[in-house]
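The values are calculated or read from the model by the stated rules, or taken from the named source; none is laboratory data. Treat the numbers as computed from the prediction; the structure is a model and nothing was measured. Glycine also receives a Cβ, built like all others from the backbone with ideal geometry; neighbour counts cover every protein chain displayed.
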Amino acid sequence: MRNDKKAILALTLVSLILGSAVFAQDAKPAGPTVELSLIVTDSAKKSIDKIQKEDVHVFEDKVEQTVLGIERDRRPVDCVIAIDSSNSLRRLMPTTLEAAKVIIVNRRPDDEILVMRFISSDKIEKMVGFTGDDRALLTALTQVRIEGGQSAVIDALYIAASDAFIDAKKTGKDRRKVVVIITDGEDRNSQFKQEALIKMLRQSDVQVFALGLISDLDNESGLMRRSPREKAEKLLQTVTSETGGRVFFPRNKTEIIDSMAQIIADLRGQFRLTYQSSNGATKGFRTVEVKLVSANGEKRNAIARPGYEK
């Protein structure tokens with residue numbers, strides 16, 4: 001009888017060990033803790049700054065993840081203002097500079113700004129490096145001049161984002177990295193390809209906002225080609241959406257200033273979302289989707305990066 005009990009106990013232990021081994025083989029290793037910048041907008045596409053953790057659902061590669069926390073993102077911002085100074089912006093340049101001034105005068109005390117102007121690939125110029133000196137920044141705007149040349153929008157974005165990333169890495173401080181580009185979006189002379197820009201933006205975690213001043217671009221398309229305006233819209237929409245930023249297409253002076261005010265609201269009202277990835281195995285790009293569920297049925301939209309590299 002005692003021997004029978006020992007045999008049963010031994011079989012039970014073997015079963016538990018085998019079961020644990022099978023479970024270990026089936027279970028995926030824990031993934032990284034992921035942080036996302038999140039903009040929440042209402043039905044009028046205006047950013048709002050209040051949200052509950054229970055309202056947020058995150059999906060990575062279509063699998064729901066565990067949200068660890070969500071809080072207002074109050075980190076200081078390193079912002080590059082990149083101004084298209086090509087001849088196609090001549091008519092709108094006074095308003096462009098006024099819009100750039102709005103973001104400077106609304107800078108928070110710890111925020112720093114770099115002002116850059118660009119035309120072609122060989123004419124991308126820093127007017128002033130990262131600084132919190134409002135006088136230096138406003139003086140830099142007075143030195144922006146229109147020149148002829150073929151616009152290099154992609155190259156300007158690549159260099160602006162690189163500057164923001166390098167500066168943040170140099171200081172070693174936890175700061176948000178942002179590029180605000182003011183352009184008609186018509187790229188004619190870039191050396192970098194759009195794919196290379198997107199790859200760099202994914203790796204550097206730089207958020208891009210854009211004022212797309214496309215109203216003067218040709219809107220005539222053909223059977224086999226998109227119009228210059230359509231191509232400009234697509235470029236700016238792609239770059240901003242890949243970084244969790246936003247693009248605005250204002251049609252007049254009032255809308256340009258209002259759009260810049262909305263960008264400022266987006267920067268100040270963002271959230272810092274943290275979740276625990278359940279996937280520690282997959283390499284490469286992982287898609288991420290954030291969905292909002294409101295208890296009172298309020299329509300809201302979540303804007304965040306569509307994924308990250310692992």
Selection within the range 211-239 - in contact with a helix residue (DSSP H, G or I) (Cβ under 6 Å, 6 or more places away or on another chain), aliphatic (A, V, I, L, M) and either surrounded by fewer than 19 Cβ atoms within 10 Å (Cβ to Cβ) or part of a loop (DSSP other than H, G, I, E, B) (or both): I214, L217
Tally of residues being in contact (Cβ under 8 Å) with a residue 40 or more places away in the chain and either not assigned by TED's automatic domain parsing to the domain that holds V206 or not hydroxyl-bearing (S, T, Y) (or both) across the range 136-164: 17
Per-region count, the range 52-79, residues outside any strand (DSSP E or B) and touching a strand residue (DSSP E or B) at 6+ places or on another chain (Cβ under 6 Å): 6
Criterion (within 13 Å of V80 (Cα to Cα), assigned by TED's automatic domain parsing to the domain that holds I198 and of a type in the set (D, E)) met by exactly one of D133, D167: D167
Filter result for the condition that a residue is farther than 18 Å from S37 by Cα, in contact with a Phe, Trp or Tyr (Cβ under 8 Å, 6 or more places away or on another chain) and among the small types (G, A, S), over G245, G212: G212
Residue within the range 293-303 that is assigned by TED's automatic domain parsing to the domain that holds D61 and under 27 Å from A196 (Cβ atoms) present: yes
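Okay, residues lined up against (1) within 25 Å of Q270 (Cα to Cα); (2) assigned to a helix (DSSP H, G or I); (3) free of Cβ contacts under 8 Å to residues at least 60 places away in the same chain; (4) of a type outside the set (S, T, Y):
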{"residue": "F192", "(1), (2), (3), (4)": "no, no, yes, yes"}
{"residue": "Q203", "(1), (2), (3), (4)": "yes, yes, no, yes"}
{"residue": "F209", "(1), (2), (3), (4)": "yes, no, yes, yes"}
{"residue": "S241", "(1), (2), (3), (4)": "yes, yes, no, no"}
{"residue": "P250", "(1), (2), (3), (4)": "yes, no, yes, yes"}
{"residue": "E255", "(1), (2), (3), (4)": "yes, yes, yes, yes"}
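For every residue, the table says whether it meets (1) out of contact with any Ser or Thr (no Cβ under 7 Å at 6 or more places or on another chain); (2) at pLDDT below 95; (3) closer than 23 Å to P76 by Cα.
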| site | (1), (2), (3) |
| --- | --- |
| A210 | no, no, yes |
| R226 | yes, yes, no |
| F271 | yes, no, yes |
| G297 | yes, yes, no |
Single condition V115 does not satisfy, out of (1) within 20 Å of the chain's Cα centre (by Cα); (2) part of a helix (DSSP H, G or I); (3) under 16 Å from F209 (Cβ atoms): (2)
Residue list for the range 26-45, filter: charged (D, E, K, R) and surrounded by 12 or more Cβ atoms within 10 Å (Cβ to Cβ): K28, E35, D42
Any hit, the range 235-243, residues being among the hydrophobic types (A, V, I, L, M, F, W, C), closer than 20 Å to N301 by Cα and modelled with pLDDT of 95 or more: yes
